[in-house]
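Shown next, in structure tokens, is the structure this report addresses.
The values are calculated or read from the model by the stated rules, or taken from the named source; none is laboratory data. Just so it is clear, the structure is predicted and the values come from calculations on it, not from any experiment. All Cβ positions, even for glycine, are placed from backbone atoms using ideal geometry, and neighbour counts span all protein chains on display. When the accessible area is computed, the model is the full protein with side chains, heavy atoms only, and any ligands, DNA or RNA have been set aside. Shrake-Rupley method; radii C 1.70, N 1.55, O 1.52, S 1.80 Å.
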Amino acid sequence: MRVPSPHGGHEPEVEGMSAQTDIANGALAYLLAGPAGFGLVGFALDHWWGTVAALPVGVVLGMVASMYVIWLRYGRS
């Protein structure tokens, strides 16, 4: 099957390309959602406690948790 090209004409469809794109999009979503979610919790705790340390700790913990979930989901074969 041939797919339309952004430059005009058609290009051959690459086998397995959509599965690879789905994996990449999923990993990117985890990498963005983890620090954002944990950072939001850290921001709320900073606001509630009157400190400045919970936000950076939350962002770092969110990134670590994201990488761990990506490894669990996609890294083990």
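General observations
- For beta carbons closer than 9 Å, sequence separation of 6+ or different chains, a first residue in segment 40-64 that is in contact (Cβ under 8 Å) with a residue 40 or more places away in the chain and closer than 20 Å to residue 28 by Cβ and a second that is open to solvent by less than 60 Å² (accessible area, probe 1.4 Å) and assigned to a helix (DSSP H, G or I), there are no qualifying pairs.
- Candidates 70, 23 - the one that is at pLDDT below 95, outside any loop (DSSP other than H, G, I, E, B), aliphatic (A, V, I, L, M) and open to solvent by 60 Å² or more (accessible area, probe 1.4 Å): 23
- Scanning segment 37-55 for residues that are in contact with a Gly (Cβ under 7 Å, 6 or more places away or on another chain) and either among the aromatic types (Phe, Trp, Tyr) or open to solvent by 60 Å² or more (accessible area, probe 1.4 Å) (or both) returns 38, 41, 55.
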